[in-house]
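The values are calculated or read from the model by the stated rules, or taken from the named source; none is laboratory data. Values in this document were obtained by computation on a predicted structure and should not be read as measured data. All Cβ positions, glycine included, derive from the backbone under ideal geometry; neighbour counts span all protein chains shown. The area values use the complete protein model at the heavy-atom level, side chains included, leaving out ligands, DNA and RNA. Shrake-Rupley method; radii C 1.70, N 1.55, O 1.52, S 1.80 Å.
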Amino acid sequence: MKNFNEIVSELYDYTSKCIISFVTFYPKVRKNLERIGAYEITKKQKIEIAHRFYEIAKEHSIQLETCAEELELSYYGIERARCIDPDLIGELSGKKLNVGKDKNQRKFCGCAESVDIGAYDTCLHGCIYCYANRNTSSIKINLKQYDVNYPLLCSNLVDGDIVKERSGV
């Protein structure tokens, strides 16, 4: 609570929204999390944390939302987020987007259709709860392939790769 309060106290002049989520113990990251003594918290604990975060955010006029959480928290004033929000993108760009919900995301994700430009095993931050990295050796191999002058993130086209023009862009 102390850390969240400090962060919100520093950022409230720069944002109107904060999106939170609880760590998901995917099989891919469970071992890493258990190694540091992390454990899954109960529904009741999640509600208590979310409600307290809401109160802290509210004190600073920041709207609190959740990312892809199954837990229904609207009773506490916390709505489900749309991290890729077509209304906000339209407002910022001056162009109305006509897109639906992203069908390739988790059930409770509210994001609009989008194209993910990221790649697995490419981030050096080392967050142990991250499902996008398998191991540091894979990351190092991928990053050696990175070329700022090439259009792909961390690889090169090889025989057998198929490049297609995306329609509707």
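With a 1.4 Å probe and every protein chain left in place, work out the accessible area per residue of the stretch 76-118 in Å², rounded to a whole number.
On the way: 3280 Å² over 43 residues.
It amounts to 76 Å² per residue over the stretch 76-118.
Amide H to amide H, which residues 5 or more places from ARG80 or on other chains are under 5 Å from it, using H placed in the peptide plane?
Counting only residues 5 or more places away or on other chains, the set is THR66.
Hey, which of these cross-link pairs are over 19 Å Cα-Cα: LYS58/LYS96; LYS2/LYS46; LYS2/LYS31? Don't skip to the end; give the middle numbers.
Numbers: LYS58/LYS96 30 Å; LYS2/LYS46 16 Å; LYS2/LYS31 28 Å.
Correct reply: LYS58/LYS96; LYS2/LYS31.
So I have [x] 85, 40, 27; [y] 55, 47, 31; [z] 65, 30, 27, and one of them is Cα extents along the principal axes in Å calculated from this model. Which one is it?
Recomputing Cα extents along the principal axes in Å here gives the entry labelled [y].
Taking all protein chains as present, what is the carbon and sulfur share of the accessible area of the chain, in % to the nearest whole number, probe 1.4 Å?
Percent of accessible area from carbon and sulfur atoms in the chain: 52.
Chymotrypsin sites (Phe, Trp or Tyr not before Pro) within the stretch 118-158: which are DSSP loop residues with at most 10 other Cβ atoms inside 10 Å?
Numbers: sites: TYR120, TYR129, TYR131, TYR146; in loops: TYR120, TYR129, TYR131, TYR146.
When the chymotrypsin sites (Phe, Trp or Tyr not before Pro) of the stretch 118-158 are filtered for loop state and at most 10 Cβ neighbours within 10 Å, nothing remains.
Under 13 Å from the Cα of LYS140, which aspartates and glutamates turn up, not counting those fewer than eight places away in the same chain?
ASP121
If you consider only alpha-carbon coordinates, what radius of gyration and Dmax does the stretch 57-124 have, in Å?
Just the Cα atoms of the stretch 57-124 yield Rg and Dmax of 14.3, 38 Å.
Taking Cα centroids, how far is the stretch 118-134 from the stretch 51-117 in Å?
23
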